[in-house]
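Heads up, the thing below is written out as structure tokens.
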Amino acid sequence: MKLNLGVKIAGCLLATLLSQQGWSAAASSDKGAPPTEHCARECLEGIARKYLDALLQRNPSVAPLADHVTFSENNVALLLGDGLWGTITGRGPPATELLFADPQAGQVGFFGIVDEHGVPGYLGVRLKVEDRKITEIETLINRIPPLPPGATPSPFATRTPKELQHFPVMTESVPAGERVSRGRLIDIANGYFSTLQQNDGQLFTPFDDECSRMENGNVSAGDPNASYPAAKLSCAEQFKKGSYRFDSALRDRAFMLVDEERQLVLTRAFLDHNAVLTDFKLADGTPAVSSFKTPSTLCLLELFKIRGGKIYRVEVVYINVPYHMPSVWKGTE
């Protein structure tokens, strides 16, 4: 199967490497291409299930793939069949799997868990579908290796992947009269990122008073029963404090999938910490210290649930990547 990168990559060495692996321009980008066959929600979710079944079988040939497929894992372009394809040994139970779809854009997404020889991980997947065939596969896996003997889990991550429970509202349809437009959904999600970037207490998007956020299976905002005090605060309460002042940039933002029926937006972004800011003050003047001592970046797939025009629930799968790593998908949206 011939694969394509579909993005411009700086650097002669990397370009040469990719060309040696058989990556080329995407045939689907041809202006003269015929219109794609419509694929409704049931169709898209069915294709996603077939893809996940093929992944578990470690057999790309049984997935509904187009002739030209762009594939990445953890923001690295790979040959189809590499990475998780060769190591997956299990998937989570149905209760841990969340599917969402955008028939207008031909996109379908998945959040769940996988196992690789006893190592569990949180998995985020985005598939682009044209003519009922997969043309793009984007995967993000936060692998959770066993803790060393005597080590204790971070207060931010006390739940294990097998305990994953999605917010129930993520699968609920919203009555047509209560929905906001596709463009407005994207604006609201983008405003969340603007609020997080160099967070100084200002809100650049509307939040529900009961907004909760889950990061790699752990609730990090809006959990009244959380053992970690900061996680008891709602999303807006955290941002009003200016708790994330050290987030220096939210870049390469992309809004790939809009599930209008469920009022969901799947996004991709890179969260940079340049670590220049060490000591700072919260919005109320309280002194604070950044936990970031060296430059670092998070690559994330983030899913927003918007209710009544306000951010209500957020689920995120993220990984650590080299500082200021560029998006392999930049320029393809």
Legend entry - Close pairs (8 angstrom Cβ cut-off, 6 or more residues apart or separate chains): closer than 30 Å to GLU37 by Cα in the range 113-132, open to solvent by 50 Å² or more (accessible area, probe 1.4 Å) anywhere: GLU130/SER28; GLU130/THR36; ASP131/THR36; ASP131/GLU37; ARG132/GLU37
Inset, instruction - Taking SER28 as the residue in question, decide whether it is part of a helix (DSSP H, G or I), at pLDDT below 95 and either within 21 Å of the chain's Cα centre (by Cα) or buried (at least 18 other Cβ atoms within 10 Å of the Cβ) (or both). - result: yes
Inset, instruction - Could you run through the range 265-291 and say how many residues are among the aliphatic types (A, V, I, L, M), touching a Lys or Arg at 6+ places or on another chain (Cβ under 6 Å) and closer than 23 Å to PHE304 by Cβ? - result: 1
Inset, instruction - Please tell me if THR294 is of a type in the set (Val, Ile, Thr), without any contact (Cβ under 8 Å) to a residue 60 or more places away in the chain and touching a strand residue (DSSP E or B) at 6+ places or on another chain (Cβ under 9 Å). - result: yes
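GLU138: touching a residue at least 40 places away in the same chain (Cβ under 8 Å), among the acidic types (Asp, Glu) and open to solvent by 80 Å² or more (accessible area, probe 1.4 Å), yes or no?
On the way: touching a residue at least 40 places away in the same chain (Cβ under 8 Å): yes; among the acidic types (Asp, Glu): yes; open to solvent by 80 Å² or more (accessible area, probe 1.4 Å): no.
No; evaluated as a whole, the condition is false for this residue.
Determine whether ARG159 is over 22 Å from GLN104 (Cβ atoms) and touching a residue at least 12 places away in the same chain (Cβ under 8 Å).
Numbers: over 22 Å from GLN104 (Cβ atoms): yes; touching a residue at least 12 places away in the same chain (Cβ under 8 Å): yes.
When the stated conditions are applied, ARG159 passes them.
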Legend entry - Residue, least open to solvent (accessible area, probe 1.4 Å), within the range 244-272, restricted to residues that are touching a helix residue (DSSP H, G or I) at 6+ places or on another chain (Cβ under 7 Å) and over 21 Å from GLY109 (Cβ atoms): ASP247
Inset, instruction - May I ask you to list pairs of residues, at least six apart or on different chains, whose Cβ atoms are under 8 Å apart, with the first in the range 264-275 being farther than 20 Å from THR332 by Cα and the second being in a loop (DSSP other than H, G, I, E, B) and among the hydrophobic types (A, V, I, L, M, F, W, C)? - result: HIS273/PHE246; HIS273/PHE292; ALA275/PHE246; ALA275/PHE292
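Test ASP67 against the stated conditions and say whether it is of a type outside the set (Ser, Thr, Tyr), open to solvent by 10 Å² or more (accessible area, probe 1.4 Å) and in a strand (DSSP E or B). Give the steps one after another, and end with the answer.
Numbers: of a type outside the set (Ser, Thr, Tyr): yes; open to solvent by 10 Å² or more (accessible area, probe 1.4 Å): yes; in a strand (DSSP E or B): yes.
For ASP67, the condition - of a type outside the set (Ser, Thr, Tyr), open to solvent by 10 Å² or more (accessible area, probe 1.4 Å) and in a strand (DSSP E or B) - is met.
Restricting attention to the range 228-235, does a residue exist that is surrounded by fewer than 17 Cβ atoms within 10 Å (Cβ to Cβ) and either of a type in the set (A, V, I, L, M) or touching a residue at least 12 places away in the same chain (Cβ under 8 Å) (or both)? Break it down stepwise before answering.
Step one: of the range 228-235, the residues surrounded by fewer than 17 Cβ atoms within 10 Å (Cβ to Cβ) are 228-230, 232.
The next check asks that each one be either of a type in the set (A, V, I, L, M) or touching a residue at least 12 places away in the same chain (Cβ under 8 Å) (or both); those that pass are 228, 230.
Yes, some residue in the range 228-235 is surrounded by fewer than 17 Cβ atoms within 10 Å (Cβ to Cβ) and either of a type in the set (A, V, I, L, M) or touching a residue at least 12 places away in the same chain (Cβ under 8 Å) (or both).
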Legend entry - Matching residues in the range 144-202 - criterion: being among the aromatic types (Phe, Trp, Tyr) and either open to solvent by 80 Å² or more (accessible area, probe 1.4 Å) or farther than 21 Å from ALA226 by Cα (or both): PHE156, TYR192, PHE193
Legend entry - strands (runs of 3 or more DSSP E) wholly inside the range 285-333 that include at least 3 residues being surrounded by 15 or more Cβ atoms within 10 Å (Cβ to Cβ) and not aliphatic (A, V, I, L, M): 296-307, 310-321
Inset, instruction - Check ALA275 against each of (1) in contact with a Ser or Thr (Cβ under 6 Å, 6 or more places away or on another chain); (2) open to solvent by 30 Å² or more (accessible area, probe 1.4 Å) and name the one condition it does not meet. - result: (2)
Inset, instruction - Determine if the range 63-78 includes at least one residue that is within 29 Å of GLN104 (Cβ to Cβ) and among the charged types (D, E, K, R). - result: yes
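The values are calculated or read from the model by the stated rules, or taken from the named source; none is laboratory data. Because the structure is a prediction, the values reported are computed rather than measured. All Cβ positions, even for glycine, are placed from backbone atoms using ideal geometry, and neighbour counts span all protein chains on display. To get the accessible areas, we keep the full protein, side chains included, count just its heavy atoms, and leave off ligands, DNA and RNA. Shrake-Rupley method; radii C 1.70, N 1.55, O 1.52, S 1.80 Å.
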